[in-house]
Amino acid sequence: MSSPPETAKPDGLTTHEAISTSGYGLPVYILAVGLIIITAYFAYELFFRKSKGLAAGGPTFIIAGPSGSGKTSLFTLLRYGEKSTTLPSVEQNITTKFWLPNLLDTAKPFVLIDTPGHQKLRHGMFSALQIAQAARTIHGVLYVVDASAMSRPEQLREAAEYLYDILRITERVRGGTDVLVGANKSELFTAVPAKRLRTLLETELDKIRESRAKSVGKVSAGGDKHDSDDGDEDDGAVVGGSGWLGKRGEKGSFKLEDLETDVMVIDGSVDNGKIDPWIAWMEERAVN
Ligand SMILES: Nc1nc2c(ncn2[C@@H]2O[C@H](COP(=O)(O)OP(=O)(O)OP(=O)(O)O)[C@@H](O)[C@H]2O)c(=O)[nH]1
Ligand SMILES: [Mg+2]
């Protein structure tokens, strides 16, 4: 008996071809489900987890800084009173039960947020800071750097770049949000002392300000190089927002003290438990 002729399909495929094409169905289905799960995960990360601690609405301190500077070590020491081995963080550590040693009788504990330092994972820190500023719950940012790496130009540059982005946010609120630059690992003999680090950061922040102003100038053809500022006019006042940081001035004129944000640079060593000046800084801000 001869086999029945292959039936023509509406889209021009024979039955045989249609069956073999339907073999793609399962992988495509798996791919689609995978994509949905990944999208849902990132949406959760972005919109829920990042604001989990802030949802509590408590007074908040945020720990930020480049990767490997000692943020999680500091978080663990502050929260649990002990050192621990750490791995590079991929997500925030949040506690809503952080009591400062000399303020144990405060009605409310503090929210303490440790953020990952990797460049690609910093968006959560920026949104946490903006949410806490908008809610007026932020009491300060602890910007931890590895002081022993600050004599290396590329590490200094990275630390200054991240700090610049944070200062652009802290400058948006009246009076600024206080920032402590914790010069960690100060027990290492290669560590740059706090006073010197402040000067190095200022020089670097100045260069970043110049280069960003130039690139903005290139984009807004024919416009003023400070076109992107959304703060004050060119009257010597501090300008926050998305553009120029600090007082208007010549190249080399950037000074941290010109900012609304109060920036202090203080040595410390999480490894040696020498963080009392940082705790004192937090306690001063906690009651304000
Ligand atoms: N020498 C020295 N090492 C320290 C000190 N504090 C932390 N470390 C070490 O620095 C390394 C990085 O510490 P982490 O706390 O994981 O750094 P992190 O800033 O959280 O890094 P990311 O999560 O990647 O952003 C660890 O090996 C710590 O033990 C310190 O005061 N001195
Ligand atoms: Mg960490």
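What follows draws every value from the coordinates through simple rules; no lab data is involved. Please read all numbers here as calculations on a predicted model, not as lab measurements. Note that we place each Cβ from the backbone using ideal geometry, even for glycine, and neighbour counts take in every protein chain shown.
Sorting 137-149, 28-40, 272-284 by their mean Cβ neighbour count within 10 Å, with the most densely packed peptide first, gives 137-149, 272-284, 28-40. Within the range 116-151, the trypsin sites (Lys or Arg not before Pro) that combine a DSSP coil assignment with at most 14 other C-beta atoms in a 10 angstrom radius are 136. For the range 151-211, applying the loop criterion from DSSP together with a ceiling of 11 other beta carbons within 10 Å to the chymotrypsin sites (Phe, Trp or Tyr not before Pro) yields 189. In terms of Cα atoms, the Rg and Dmax of the range 55-119 work out to 12.1, 38 Å. Simple spin-label estimate for residue 135 and residue 102 gives 2.7 nm between the two label positions (7 Å along the Cα-to-Cβ direction from each Cα). Taking 18 Å as the cut-off for C-alpha to C-alpha distance, list the pairs among 207/255; 71/108; 195/255; 83/274; 71/274; 207/251 that go past it. Correct reply: 71/108.
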